[in-house]
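Here's the structure we're looking at; comments come further down.
The values are calculated or read from the model by the stated rules, or taken from the named source; none is laboratory data. All values derive from a computational prediction rather than experimental measurement. FYI the Cβ positions are ideal-geometry reconstructions off the backbone, even for glycines, and counts take in every protein chain you see. For accessibility, only protein heavy atoms count, side chains too; no ligands or nucleic acids. Shrake-Rupley method; radii C 1.70, N 1.55, O 1.52, S 1.80 Å.
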Amino acid sequence: MKILIRSAKIIQKGADLNGQVRDIFIENGVIRQIGEQLSAEADEIIEGENLCVSLGWFDMRVHAKDPGYEHKESLYSLEKAALAGGFSEIALLPNTKPTVQTRESVHYLRKSGDIIKFHPFAAVTLKCEGKDFTEMIDLHHAGAVAFTDGEHPIQNPDIFLKTLQYLSPIGSLLINRPEDTDLTHFGQMHEGSVSTLIGMKGMPRMAEEIMVMRDLKLLEYVVDTPFAEVDTTLPLLHFACISSAESVELIRQAKAKGLPISADVAVHQLCFTEDDLMGFDTNYKVNPPFRTQKDVAALWAGLADGTIDTIVSDHNPQDDESKNLEFDMADFGIIGLETLFGVANTYNVGLSLEDLIDKITIQPRKILRLAQPQIAEGAKANLTVFEPEKEWTYSTILSNSKNTPFLGKTFKGKALVVIA
């Protein structure tokens, strides 16, 4: 198969070709030529107005659902949604049935992608119940790229501490979504004026912030332990789905101290607030919940100054039986693979296009210690072709589930082709 990308602006922060308009000729999955007005014969020519090309996009927080919940999302439908969203690689949470806690389950996910590459996260504790450890070293050697209990924050500080100590010598990563679940029990939305007004049990910011403080303190203990094998040049701890302004500031201060940490934000947290829940639409019910405009501004500021390293979809498919219910009975979650770039680009505050693309290409792979693809002659093609100015309306959902508040919305910026 021969593909010619015609007159595309290369977007890769820090690269020599960044900002240059070039033709790219790909043959049998390998970049053969990069130049101007190439005359190579091709089976497919990709061209358009304001065409851009970058490294293949990477989403490092996706709820797989398969195996066990294929009616919500199968790996087949997940791949279709990811390709439509411009992703060549995605990382999968372990909260499936059975849980990703064996070599066989890791191998199943690694071998399942047809076009895109699936990177499995393995569970820290058996069934993600927070009680007994999995065989993390064995899972690491089997190909698990990081460890997390996914949807379930690690509540036990001893388990959290020992996990950091186990993972540090093998050069792996612990991912935790900070939430003290005792403070959010039965919570439905952000604790604030809106939750009071509409009579919903709130989920306070401090439930997240207290856990960020705890996790940072335990990480500092590990780093400062004599003879500890900690590579402080790469993250040992990653905070998932940060939502609070105070959390952003705590992480900013910890990075300034040199602690080996990184953080992400779910893209929907960058555009909605608690006010959007006034209509009791369960498509806006997520965890962590939408907070205030002050928090949204702090999240964008954290992205701009590098406190927050990457943007994720937190793609969490839920079927009608899980969402078409009274608000307090509905499950949390939004699908977001197909809309991540459009949402981030449309609501963008303060990020250049190079910085935005960096958050979904270079940074996720760096955090997970994965090899970086290259836009260079002789390199294997791992590319996303997109138009950052293209306006489009989200009208067709490729995911098995339809739980999104973005249906019918118009966005600026769309992926056209993934070449991987």
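Per residue, the chain exposes 40 Å² of accessible surface when a 1.4 Å probe is rolled over the protein heavy atoms with every protein chain present. Relative to the dominant Cα principal axis of the chain, helix 245-256 is inclined by about 70°. Can you give the helix-only mean residue ellipticity at 222 nm for the chain, where every DSSP H stretch with n ≥ 4 adds -39500 (n - 2.57) and the sum goes over all residues, rounded to the nearest 500 deg cm²/dmol? The helix contribution divided over the chain gives -8000 deg cm²/dmol. Note on LEU197: accessible area approximately 130 square angstrom, rounded to 10, probe 1.4 Å, nucleic acids and ligands left out.
Each label point was placed 7 Å from the Cα along the Cα-to-Cβ direction; for GLU129 and MET1 their separation is 4.4 nm. Extension gain, LYS162 to SER395: 0.36 nm times the residue separation minus the Cα-Cα distance gives 79.2 nm. Treating r as the C-beta distance of GLU377 and ASP276 and R0 as 41 Å, the FRET efficiency rounds to 0.30. Distance from the alpha carbon centroid of segment 88-120 to that of segment 354-420 works out to 20 angstrom. When only DSSP loop residues count, what trypsin sites (Lys or Arg not before Pro) in segment 249-301 have their Cβ near at most 14 other Cβ atoms within 10 Å? Passing both the DSSP loop test and the Cβ count: LYS257.
Charge tally for ASP358 (other residues, Cβ to Cβ under 12 Å; Lys, Arg +1; Asp, Glu -1): +1.
Under a model in which nothing but the beta-carbon of Lys, Arg (+1) and Asp, Glu (-1) is charged, segment 39-88 shows a dipole of about 440 debye around its Cα centre. Restricting attention to segment 159-306, the count of lysine pairs at 8 or more positions apart or across chains with alpha carbons under 19 Å apart stands at 4. Extending 7 Å from Cα along the Cβ direction at LEU370 and again at GLN20 yields two label points whose distance is 2.6 nm. Farthest toward the positive end of the dipole of the chain, out of ALA42, PHE147, ILE261, is the Cα of ALA42, where the dipole comes from beta carbon charges about the Cα centre.
Helix 293-304 axis versus longest C-alpha principal axis of the chain: approximately 50°, rounded to the nearest ten. Of the trypsin sites (Lys or Arg not before Pro) found in segment 103-188, those in coil by DSSP whose Cβ has at most 11 other Cβ atoms within 10 Å are LYS111, LYS131.
Note on GLU249: accessible area approximately 60 square angstrom, rounded to 10, probe 1.4 Å, nucleic acids and ligands left out. Projecting the Cα atoms of LEU234, MET203, LEU218 onto the dipole axis of segment 200-243, where Lys and Arg carry +1 and Asp and Glu carry -1 at the beta carbon, places MET203 farthest toward the positive end.
Expressed to the nearest 5 percent, the antiparallel share of DSSP beta bridges inside the chain is 45 percent. What FRET efficiency would be calculated for the residue pair GLU246, HIS185, taking the C-beta separation as r and a Förster radius of 25 Å, to the nearest 0.05? According to the calculation, E is roughly 0.75. Placing +1 on each Lys and Arg Cβ and -1 on each Asp and Glu Cβ, with no other charges, gives the chain a dipole about its Cα centre of roughly 480 debye.
Taking the accessible area of the chain, probe 1.4 Å, and keeping the other protein chains in place, the carbon and sulfur fraction comes to 49%. For GLU36 and ASP138, a Förster radius of 45 Å and the Cβ-Cβ distance give a FRET efficiency of 0.35, rounded to the nearest 0.05.
For the chain, take the longest principal axis of its alpha carbons; what is the angle in degrees between that and the long axis of helix 205-224, to the nearest 10 within 0 to 90? The helix 205-224 is inclined about 80 degrees to the chain.
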